[in-house]
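A short write-up of the structure that comes next.
Please treat every number below as a calculation from the coordinates, not as lab data. This one's a predicted model, so the numbers in the text were calculated from it and none came from an experiment. Neighbour counts run over all protein chains shown; Cβ positions are idealised from the backbone, glycine included.
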Amino acid sequence: MRLPELVAHRGYAQHYPENTLAGIAAAVCAGARYIEVDIQLTADKVPVLFHDRKLQRVCGVDGLVHEFSLAQLRALRASEFDRFGYRYAQTPIATLAQLVDLLGRHPQVRAFVEIKRIAVERFGVDTVLQQVVSALRPVRAQCTLISYSIEFLRAAQRDAYTSLGVILEKWRDRNSGAVRTLRPEFLFCDAVDLPRWGKLRVPGSRLAVYEITDPATAIKLAERGVDLVETFAIGEMLAAFELLRARPA
């Protein structure tokens, strides 16, 4: 039986607000060796951990992340009220610098750092690359830059950032000239876009699939060639895999 590596998708998002230090720390405590986070820039160009362009779903206020300064965002709370009510009412938006501090305390953990397209569109490749790579410098060996933006990844590669991952719009895009030229270490794909049968290996790259919370589905994907599975339920999935490993052969 082939088990995939598990990636804590936006931290331990099943039980904590996504992309928060509390959720990421909980994922690491549960045994995660891989985490994935999303990066945008504030109006004053500070990298912060945030998935949506809009603040509404996570923070309950109108506006876009890049329209607010870091000081303004620090006054908000990433509580995901619709999911958790007041449980995480004091949880702040995390900065990339804070994630770097956490990773420095856990050298066994690798982070997939997704650069959101809105950041590239709003601030340009060079600015985003400079701000992100500068922040990641103390833990660069632990981090893989991933993005839908091939333009950003090309710039990172020119800047000698070697651990890169392309997030595919569609499974068929794995064979595009742009992806092949980049030769990324990782390819990421939404599970719903995968073919229903057949091998899924991509020569030269490790394949990561999202979003899976069912252990049986993860194992079937691994048997087809998937290397890593992103999950919001990192603790539950790791526990299920441990039980499978403990079964007599």
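To the nearest Å, what is the center-to-center distance of segment 53-99 and segment 1-44, using C-alpha atoms only? Cα centres, segment 53-99 to segment 1-44: 16 Å.
Annotation: peptides 36-47, 59-70, 191-202, ranked by per-residue average of other Cβ atoms within 10 Å with the highest first, follow the order 36-47, 59-70, 191-202.
Quick check: the distance between the Cα centres of segment 223-249 and segment 110-141, to the nearest angstrom? Here the two parts' Cα centres lie 30 Å apart.
Considering only 184, 124, 41, the residue lying farthest towards the positive end of the dipole of the chain is 184, judged by Cα position with unit charges set on Cβ.
For segment 94-249, the dipole from Cβ point charges (+1 on Lys and Arg, -1 on Asp and Glu) about the Cα centre works out to 500 debye, to the nearest 20. The alpha carbons of segment 100-243 give a radius of gyration and a Dmax of 15.9, 47 Å, in that order. Eigenvalues of the alpha-carbon gyration tensor of segment 137-213, scaled by 5 and square-rooted, set the equivalent ellipsoid semi-axes at 23, 14, 10 angstrom, largest first. With the Cα gyration tensor of segment 191-236 in hand, give its eigenvalues times 5 under a square root as the equivalent ellipsoid semi-axes, listed largest first in whole angstrom. Ellipsoid half-lengths, sorted descending, are 18, 11, 9 Å. With the helix formula -39500 (n - 2.57) applied to DSSP H stretches of n ≥ 4, the chain reaches a computed 222 nm mean residue ellipticity of -9500 deg cm²/dmol. Taking the inverse of the mean 1/r over every pair of distinct Cα atoms in segment 57-102 gives a Kirkwood hydrodynamic radius of 11.4 Å. Within the chain, the proportion of C-alpha pairs whose separation exceeds 34 Å stands at 14%.
Stokes-Einstein diffusion of segment 70-177 at 25 °C, 0.890 mPa s viscosity, Kirkwood radius from Cα pairs, rounded to a whole number: 156 µm²/s. Total lysine pairs in the chain at Cα distances under 22 Å, for residues eight or more apart or on different chains: 7.
In units of the compact-protein estimate 2.2 N^0.38 Å, segment 1-98 shows a Cα radius of gyration of 1.10.
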